[in-house]
Amino acid sequence: MPQQKYVIDKLISAKSIAARIEELSHEIEREYAGTQKLVVVGLLRGSFIFIADLVRELDLPVEVDFVETSSYGNSMESSREVRILKDLRGDIERRDVLVVEDIVDTGHTLSHVLHLLGSRRPHNLRTIALLDKPSRREADIRADWIGFEIPDAFVVGYGIDYAQRDRNLPYIGKVRFTDD
Ligand code: 5GP
């Protein structure tokens, strides 16, 4: 449980998210037109709603797999040390792999995962992130597709948590601490 009281200010509405996912899905369909080999890999747990909505918009044959990395725990600070808690179930050799991330913040998580998956000889490896905080970047990395660029704020909702809460909000909101 978070220690301090907070309120959530809406940043991106459910409607805007749905509209952006529809746009992105068209771009992705064009990029992978004709492939029978696409594996969409969600990074747990924050991307679970995004990947669910994204794959339902994709008019392509897709397989879905997941990787889980160590997260912030209950803290709001990012960590440079990334550990794999759950690996893929399937083999990605010669497959088209699209990694789905909720937020690229410092970039260490995505960079670590791409390094790992890249070593398994996929046919190609691309990335999509719902949110990007470019001002926070430490690793030299950018997702191939980005839903929304956001400022340096701590956000929740649409799969993204604060101390395991608020994942079920249908929109993205910014956490603001209150005194009482
Ligand atoms: P990075 O390794 O890029 O610093 O961090 C990526 C991960 O940190 C994201 O997948 C997400 O789980 C977490 N993260 C980054 N920014 C936020 C944020 O504003 N709110 C929450 N809840 N998690 C975040």
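I want to confirm something. Restricting to the range 6-52 and keeping residues that are modelled with pLDDT of 95 or more and basic (K, R), which single residue is nearest to F177 (Cα to Cα)?
K10
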Query - Candidates L116, L88 - the one that is modelled with pLDDT of 95 or more, surrounded by fewer than 16 Cβ atoms within 10 Å (Cβ to Cβ) and not charged (D, E, K, R) - result: L116
Report summary line: Taking the range 135-167 and the residues there that are more than 7 Å from the ligand (Cβ to nearest atom) and acidic (D, E), the one that is farthest from V113 (Cα to Cα) would be D166
Query raised in the report: Do we find a residue being in contact with a helix residue (DSSP H, G or I) (Cβ under 7 Å, 6 or more places away or on another chain), over 25 Å from Y6 (Cβ atoms) and part of a strand (DSSP E or B) anywhere in the range 112-127?
Result: yes
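Provide a single number: the residues in the range 27-46 that are in a loop (DSSP other than H, G, I, E, B) and within 16 Å of the ligand (Cβ to nearest atom). If you could, list the steps in order and put the result at the bottom.
Within the range 27-46, the first condition is being in a loop (DSSP other than H, G, I, E, B), and the residues that meet it are 32-37, 45-46.
Imposing the further condition that a residue be within 16 Å of the ligand (Cβ to nearest atom) reduces the set to 45-46.
The total comes to 2.
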Query raised in the report: What is the residue count in the range 20-33 for residues that are open to solvent by 50 Å² or more (accessible area, probe 1.4 Å) and among the hydrophobic types (A, V, I, L, M, F, W, C)?
Result: 1
Query raised in the report: Which condition does I12 not pass, out of (1) of a type in the set (A, V, I, L, M, F, W, C); (2) in contact with a Gly (Cβ under 7 Å, 6 or more places away or on another chain); (3) within 15 Å of G159 (Cβ to Cβ), if it passes all the others?
Result: (2)
**Report entry** Residue pairs meeting the criteria (Cβ under 7 Å; at least 6 apart or on separate chains; first on the phi > 0 side of the Ramachandran plot, in the range 112-125; second of a type outside the set (S, T, Y) and assigned to a loop (DSSP other than H, G, I, E, B))
**Finding:** R121/E93; R121/R94
Query raised in the report: Within the set of pairs 6+ apart or on separate chains, which have a first residue in the range 95-108 that is in contact (Cβ under 8 Å) with a residue 24 or more places away in the chain and more than 6 Å from the ligand (Cβ to nearest atom), a second that is open to solvent by 10 Å² or more (accessible area, probe 1.4 Å) and part of a helix (DSSP H, G or I), and C-beta atoms under 8 Å apart?
Result: V99/L114
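Among V82, V156, which is the only one that is among the aliphatic types (A, V, I, L, M) and touching a helix residue (DSSP H, G or I) at 6+ places or on another chain (Cβ under 7 Å)? So that I can check it myself, show each step before the final result.
Working: V156 fails: touching a helix residue (DSSP H, G or I) at 6+ places or on another chain (Cβ under 7 Å).
The conditions single out V82.
Could you please give the count of residues in the range 90-119 that are of a type outside the set (D, E) and within 25 Å of E29 (Cβ to Cβ)? Steps first, please.
Applying the first criterion (of a type outside the set (D, E)) to the range 90-119 yields 90, 92, 94-95, 97-100, 103-104, 106-119.
Next, from what is left, pick out any that are within 25 Å of E29 (Cβ to Cβ): 90, 92, 94-95, 97-100, 103-104, 110, 113-114, 117-118.
Counting residues in the range 90-119 that are of a type outside the set (D, E) and within 25 Å of E29 (Cβ to Cβ) gives 15.
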Requested in this report: Quick one: count up the residues across the range 119-150 that are among the charged types (D, E, K, R) and open to solvent by less than 10 Å² (accessible area, probe 1.4 Å).
Outcome: 1
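The values are calculated or read from the model by the stated rules, or taken from the named source; none is laboratory data. This is a predicted model, so every value here is computed, not measured. Using ideal geometry, Cβ is built from the backbone for each residue, glycine included, and neighbour counts are taken over all protein chains shown. Ligands, DNA and RNA are excluded from the accessible area calculation, which covers all protein heavy atoms including side chains. Shrake-Rupley method; radii C 1.70, N 1.55, O 1.52, S 1.80 Å.
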